[in-house]
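First the structure, then my questions, so here it is.
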Amino acid sequence: MNGHEVITRLKGAGWNLDRITGSHHVMVKDGKAVPVPVHGKRDLGEGLLSAIQRQSGVKLK
């Protein structure tokens, strides 16, 4: 799963894009911020996906 797919799932769960700093898109919801790296079509690692899932509460796998 690449960064664009993660962002699409987060947006579907009510998260909004706050800002883009370099290759990191920062998604926000209810005062929480979750950075999502976007490096083209390159897949994110399992540990990073787990961290994003844990921080956001959105099922990604």
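Laboratory data are not the source of any read-out in this text; all were calculated from the coordinates shown. All values reported here derive from a predicted model rather than from experimental measurement. Neighbour counts are summed over all protein chains in view; Cβ atoms, including those assigned to glycine, are modelled from backbone coordinates with ideal geometry.
Restricting region 1-26 to residues that are under 16 Å from SER50 (Cα atoms) and touching a helix residue (DSSP H, G or I) at 6+ places or on another chain (Cβ under 8 Å), which is surrounded by the fewest Cβ atoms within 10 Å (Cβ to Cβ)?
Looking at residues that are under 16 Å from SER50 (Cα atoms) and touching a helix residue (DSSP H, G or I) at 6+ places or on another chain (Cβ under 8 Å), I get MET1.
Could I ask something else about it? Any residue in region 20-39 that's farther than 12 Å from ILE7 by Cα: show its pairings with residues that are assigned to a strand (DSSP E or B) at Cβ separation under 7 Å, as long as the two are six or more apart or on different chains.
Hits for this filter: SER23/PRO37; LYS29/ASN16; ALA33/ASP18; ALA33/VAL26.
Out of all the residues in region 13-32, which are hydroxyl-bearing (Ser, Thr, Tyr) and assigned to a loop (DSSP other than H, G, I, E, B)? If you could, list the steps in order and put the result at the bottom.
Taking region 13-32 first, the residues hydroxyl-bearing (Ser, Thr, Tyr) are 21, 23.
Scanning region 13-32 gives a single hit, SER23.
Then there's this: Name the residues in region 33-49 that are in contact with a strand residue (DSSP E or B) (Cβ under 9 Å, 6 or more places away or on another chain) and either over 19 Å from LYS11 (Cα atoms) or part of a loop (DSSP other than H, G, I, E, B) (or both), would you?
Correct list: VAL38, HIS39, GLY40, LYS41, ARG42, LEU44.
So, one more: With (1) hydrophobic (A, V, I, L, M, F, W, C); (2) part of a loop (DSSP other than H, G, I, E, B); (3) in contact with a His (Cβ under 7 Å, 6 or more places away or on another chain) as the list, and LEU60 as the residue in question, which single condition is left unmet?
Just one mismatch for LEU60, condition (3).
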